[in-house]
Amino acid sequence: MDFLNYVINGALIGLLYALIAMGFVVIYRASKVFNFAQGELVILGGFIVWYTSFELGLNLWLAIPISLIASAFAGYLIERIFLTKLIGESVFSMVMVTVGLLIFLRGFILLVFGPAVRPFPIVFPLRPLFIGDLLIPMNLLIGGGITIVCAVGLSWFFNKTRPGLRMTAVAEDHVVASSMGISVKHSIAAAWIIGAVLSTMGAIIFLSGKSLTFLASDIGFAALPVALFAGLESIGGLILAGVIVGVAQGLATAYLDPIIGGSIGTVMPFIIMLGILLVRPTGLFGWRTIERV
């Protein structure tokens, strides 16, 4: 029964990682840029939810939609201010901008909200779901369902709709996409808007009933192995990758940490990521590209 608890809770934590990793994948699929500031977007969204619910005193049913809209606007502003001038430039330049964005957002959050630890609103019931001897946190259970719905919806969007296909074309080559009449600016801006909204949803699931601090941005790096394991072009593959990584982390924490006396569970996702990248550099479901020289 303990083993089942570790497996189920690990899988649900892995689905939370998958939701945050969707931000990596959406932005990459639309711009070929790996956003190193994904964890900071999560915490920015968390502080927006905190501000609307505690400082403005809004009811949660009103605060959450307003926070998602505000996060979408923040994602749009970030793209307009930091990335729109780099369209057509090298991928390396755009990636380095996201590294600078990581540092900027951390400083911005500290400047505006300060380093104090704040209580995050209770969005999901604190009482876990009991099924016999199984104990399942409600925030992770509901969050797992949200992750699956988002994965199905985004997979359909990118593979079956014209805007999604245009965003994929932009990622392949900015110049070619522009010559075909596709607005590169609009596609990349839309990707950052979606990425910011997904980050806020991840923050709500992750922080519900917990403490909010800028240090919680580390969850962005925890989700990184899931994104690289699945492949940076695969949204549906994030579900399987998240479950595998989450279960492996849960079992390592439960069974290996007491033996080794260390935090092997913390590094287990990265061990899995390195293992799969050595075998398949594009990830489990990533696209293999053939370039003619």
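The values are calculated or read from the model by the stated rules, or taken from the named source; none is laboratory data. It should be emphasised that the depicted structure is a prediction, and the values quoted were computed from it without experimental measurement. Here Cβ is always computed from backbone atoms with ideal geometry, including for glycine, and neighbour counts include all displayed protein chains.
Structural remarks
- Between Gly246, Gly250, Gly261, Gly236, the distinction of being out of contact with any strand residue (DSSP E or B) (no Cβ under 7 Å at 6 or more places or on another chain) and under 30 Å from Ala169 (Cα atoms) belongs to Gly236 only.
- Residue in the range 203-219 that is of a type outside the set (A, V, I, L, M, F, W, C) and surrounded by 24 or more Cβ atoms within 10 Å (Cβ to Cβ) present: no
- Taking the numbered list (1) part of a loop (DSSP other than H, G, I, E, B); (2) basic (Lys, Arg); (3) surrounded by 15 or more Cβ atoms within 10 Å (Cβ to Cβ) in turn, Arg127 passes all entries but (3).
- Filtered by the rule that a residue be part of a helix (DSSP H, G or I) and closer than 27 Å to Ile136 by Cα, the range 261-284 gives Ile264, Gly265, Thr266, Val267, Met268, Pro269, Phe270, Ile271, Ile272, Met273.
- Residue within the range 98-110 that is without any contact (Cβ under 8 Å) to a residue 60 or more places away in the chain and within 17 Å of Phe24 (Cα to Cα) present: yes
Residue-wise test of (1) closer than 30 Å to Lys160 by Cβ; (2) in contact with a His (Cβ under 7 Å, 6 or more places away or on another chain); (3) surrounded by 19 or more Cβ atoms within 10 Å (Cβ to Cβ); (4) at pLDDT below 85.
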position: Leu224; (1), (2), (3), (4): yes, no, yes, no
position: Leu232; (1), (2), (3), (4): yes, no, yes, yes
position: Val243; (1), (2), (3), (4): yes, no, yes, no
position: Leu251; (1), (2), (3), (4): no, no, no, no
position: Leu256; (1), (2), (3), (4): no, no, no, no
position: Ile260; (1), (2), (3), (4): no, no, no, yes
position: Met273; (1), (2), (3), (4): yes, no, yes, yes
position: Gly283; (1), (2), (3), (4): yes, no, yes, yes
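- Filter pass, Thr84 being of a type in the set (Val, Ile, Thr) and touching a Leu at 6+ places or on another chain (Cβ under 6 Å): no
- Flag for Gly220 being under 28 Å from Ala248 (Cβ atoms), touching a helix residue (DSSP H, G or I) at 6+ places or on another chain (Cβ under 8 Å) and of a type outside the set (Ser, Thr, Tyr): yes
- Residue in the range 175-188 that is within 21 Å of Gly246 (Cα to Cα) and loosely packed, with under 13 Cβ neighbours inside 10 Å present: no
- Pairs, first within 20 Å of Leu4 (Cβ to Cβ) and modelled with pLDDT under 95 in the range 125-152, second surrounded by fewer than 16 Cβ atoms within 10 Å (Cβ to Cβ) and basic (Lys, Arg), C-beta under 8 Å, six or more apart: Met138/Arg127
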